[in-house]
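Taking it in order: structure first as structure tokens, then the write-up.
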Amino acid sequence: MKATSLLEHQHRKIAALFKTLESGVADHAAALEELANSLVAHMAIEQDIFYPAVKRLNEELINESYEEHALAEVALKRLIGSDPEDDEFLARVTALKDLIQHHVQEEEDELFPAVQGAMDKETLEQLGETMQQRFEAVFAAGFEATVPKGWAKTSADISKKAAADRLARKNPKKATRPAA
């Protein structure tokens, strides 16, 4: 499956998980765990594989995407820390959903068409295979094992710095200052 198709498929699955949580499902814990694991695995493959592969196409949008991931991760931590019986729970589901919907729209309307125009089908399929394997591994590990503890650093911060460090090792003259 092409990388962009894989991401679009995951976007739809995550949207369905939000609907499940909003519907007042009896087992909030299971639905929330699946959402958390799906989101963290999805963000990991974008941050670690997809964004570095396509950053040259729209560097500004990719940088914004890392920041949106960081905000989503913090919002997800707040949601996970909420009691489903509290008033804040549905408000936090909605806030996270709105952030994710905005992010998805930018990717699908702006980034994916640029990627599909710049990369051939074979490259997109190879990238998609690599991303699917990584997704499965991160999903199996789960949210708790994947996301940094606390609030100061997010997985987006760590991935962005790692990508900048790889670039610096490959081409020291073109490297930019890594993110904090």
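The values are calculated or read from the model by the stated rules, or taken from the named source; none is laboratory data. Being a predicted model, the structure only gives us computed values, none of them experimental. As a convention, Cβ positions derive from the backbone with ideal geometry for all residues, glycine included, and neighbour counts pool all protein chains shown.
Of everything in the range 140-180 that is farther than 20 Å from Ser38 by Cα and polar (S, T, N, Q), the residue that is modelled with the highest pLDDT is Asn171. Only residues that are at negative phi, in a loop (DSSP other than H, G, I, E, B) and of a type outside the set (A, V, I, L, M, F, W, C): list them for the range 122-168, please. The answer is Pro148, Lys149, Lys153, Thr154.
Here Leu90, Leu61 are screened, and the one residue that is touching a Leu at 6+ places or on another chain (Cβ under 6 Å), more than 24 Å from Ala140 (Cβ to Cβ) and of a type outside the set (Asp, Glu) is Leu61. Contact map, the range 67-89: first residue without any contact (Cβ under 8 Å) to a residue 24 or more places away in the chain, second residue assigned to a helix (DSSP H, G or I), Cβ cut-off under 7 Å, separation 6 or more or different chains; pairs are Arg78/Arg92; Ser82/Glu88; Ser82/Phe89; Ser82/Arg92; Asp83/Phe89. Are any of the residues in the range 20-28 part of a helix (DSSP H, G or I), at pLDDT below 95 and surrounded by fewer than 14 Cβ atoms within 10 Å (Cβ to Cβ)? Checked against the condition, which is being part of a helix (DSSP H, G or I), at pLDDT below 95 and surrounded by fewer than 14 Cβ atoms within 10 Å (Cβ to Cβ), the range 20-28 yields at least one hit.
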